[in-house]
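Asks: One structure coming up, written as structure tokens, with questions to follow.
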């Protein structure tokens, strides 16, 4: 019985350490992308984290809370803060660079309520793996 308890404690400790170090490594990657010219914004980092978890990156729910149905008026430019800004370079990086795209959940990247100030052109892009 004592051997089982020691094994269980060792397993739990090892699992905790792996989780702890994986989280730190993931946070570091999110802050300093390898090939990006600029560091990701907090919004971009959050979108990537949501995409890795298989969740929708819904800026409306993030800003207003889970129980709210509010959203910003897409016709009113003043209604959109820069905190919602997503750069096309960020999307290219997480979709087409295997180092990042391999971590995306099979549900893909789903974004609601983001602000794009530049044209996003993903035509001719190739994702080099298939998630099942």
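Asks: Quick one: in region 40-132, what % of C-alpha pairs are over 20 Å apart?
Replies: For region 40-132, the share of Cα pairs beyond 20 Å comes to 38 percent.
Asks: At 7 Å along Cα-to-Cβ for each site, give me the label-to-label distance between residue 116 and residue 103 in nm.
Replies: About 2.3 nm, to one decimal.
Asks: Could you line up 94, 112 from fewest to most neighbouring Cβ atoms inside 10 Å?
Replies: 112, 94
Asks: What is the gain in length, in nm to one decimal, between residue 85 and residue 41 on full extension, counting 0.36 nm per residue of separation less the C-alpha to C-alpha distance?
Replies: So the extension gain works out to 15.0 nm.
Read-outs throughout are calculated quantities, based only on the coordinates presented, and are distinct from any laboratory measurement. Since this is a predicted model, take the numbers as computed values, not measurements. All Cβ positions, glycine included, derive from the backbone under ideal geometry; neighbour counts span all protein chains shown.
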